[in-house]
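Have a look at the structure below, then the notes.
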Amino acid sequence: MKILIILLSVLLFISCLFASEFDENLQQLLEEDGKAYVKPLVTAYGSNLNSGLYNTADVLKPSILRPIRFGFTFHTMLAMIPSSDKTFEASLVEGNTSTVFGDKGITGYPDGFNVSMLPLFVPQFRFGLPAGNELLVRYLPPLELQDYGDVTFWGVGLKHSIDQYIPLFPINLAVQGAYQSFSVGELVDITSFAVNAHASKSLLMWTLYGGLGYEETTLKAKYDHISDPDPVEFEVKGDNNFRMTAGFRYAILPFIHLNADYTISQYQVITLGLGLSL
């Protein structure tokens, strides 16, 4: 609970700071340049959101003796921003200017936030279901952001065991689908969809896992332009597509574990997690 309170406080602080400056920057841009300015943000958020969805292909299996099976993991994701996505070609003047992750914008264009990595913190719950299924839930209570409305985040996914159909198969296999949403009032709404197939093998305290997946991420934005009486509204998709993940999980105790993995996708992502399974 203490970790969750700290997480909510940090998220609210970052959201207030980011939303204010982000909105002011967008107000200088019409639709075409606005899309180019935010597109790397869409890709980065999608890369982070679709990380940490699994750290084993083994599903939580309810039984007569243990009718309720659940787990909780606190994930930290870190997406690396390539230098090529820190600038874009301006449409109104000649030359390249800063994206949301770049440094200084050219005359008439906003600056970026000058960052090379985007972190994300996610609490994740898992619930064992019958027939080799497992429900995944990601959720944070809505946080009120003055002038912009609520900051909301939620996600849901379903994993299904494949190795249950192959007797005595030496590794665990599973497939999974997930949908997630993050929004800041009416300013931005980011949605992401991912499917993956993954495998794992456990030996004593260690579990090695890896998987292949496909992802799509979309951002909808709505804001007032400084010189246009009509609001600017647009939708832009990130460059997210295929991803490949490899990592390991280590059991500190039978029900407490650490995990770490590395994802190769449009943006490379490092994921760390601390969790428990009962």
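Residue check: is V100 open to solvent by less than 20 Å² (accessible area, probe 1.4 Å) and in a loop (DSSP other than H, G, I, E, B)? So that I can check it myself, show each step before the final result.
Values: open to solvent by less than 20 Å² (accessible area, probe 1.4 Å): yes; in a loop (DSSP other than H, G, I, E, B): yes.
When the stated conditions are applied, V100 passes them.
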In the stretch 176-201, the residues that are open to solvent by less than 60 Å² (accessible area, probe 1.4 Å), farther than 30 Å from D150 by Cα and either over 15 Å from the mean Cα position of the chain (by Cα) or free of Cβ contacts under 8 Å to residues at least 24 places away in the same chain (or both): A197, H198, A199, S200
From F125, F113, residue being of a type in the set (A, V, I, L, M, F, W, C) and under 30 Å from P170 (Cβ atoms): F125
In the stretch 123-138, the residues that are surrounded by 15 or more Cβ atoms within 10 Å (Cβ to Cβ) and not hydrophobic (A, V, I, L, M, F, W, C): P123, Q124, R126, G128, G132, N133, E134, R138
Those residues of the stretch 247-278 which are modelled with pLDDT of 95 or more, part of a loop (DSSP other than H, G, I, E, B) and surrounded by fewer than 21 Cβ atoms within 10 Å (Cβ to Cβ), in sequence order: Q268
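Which of the residues belonging to the stretch 131-142 are more than 18 Å from the chain's Cα centre (by Cα) and either assigned to a strand (DSSP E or B) or at pLDDT below 95 (or both)? Walk me through how you get there before you give the answer.
In the first step, residues of the stretch 131-142 are kept if they are more than 18 Å from the chain's Cα centre (by Cα); the result is 131-134.
Listed by number, the residues that qualify are N133, E134.
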Of residues in the stretch 150-167 being farther than 22 Å from T217 by Cα and of a type outside the set (S, T, Y), the one least open to solvent (accessible area, probe 1.4 Å): D163
Test: D111 is outside any loop (DSSP other than H, G, I, E, B) and more than 30 Å from T207 (Cβ to Cβ): no
Filtered residues of the stretch 217-236 (kept if within 15 Å of L41 (Cα to Cα) and surrounded by 15 or more Cβ atoms within 10 Å (Cβ to Cβ)): T217, T218, L219, K220, A221, F234, V236
Residue among D230, D224, D189 that alone is out of contact with any strand residue (DSSP E or B) (no Cβ under 9 Å at 6 or more places or on another chain) and modelled with pLDDT under 95: D230
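Report whether or not L120 is at pLDDT below 95, crowded, with 18+ Cβ neighbours inside 10 Å and either under 24 Å from the mean Cα position of the chain (by Cα) or β-branched (V, I, T) (or both). Give the steps one after another, and end with the answer.
Details: at pLDDT below 95: yes; crowded, with 18+ Cβ neighbours inside 10 Å: yes; either under 24 Å from the mean Cα position of the chain (by Cα) or β-branched (V, I, T) (or both): yes.
When the stated conditions are applied, L120 passes them.
The values are calculated or read from the model by the stated rules, or taken from the named source; none is laboratory data. Predicted model, so just to flag it, every value in this text is computed and none were measured. Counting neighbours? That spans all protein chains shown, and the Cβs are built from the backbone with ideal geometry, glycine included. SASA here: full protein model, heavy atoms, side chains in, ligands and nucleic acids out. Shrake-Rupley method; radii C 1.70, N 1.55, O 1.52, S 1.80 Å.
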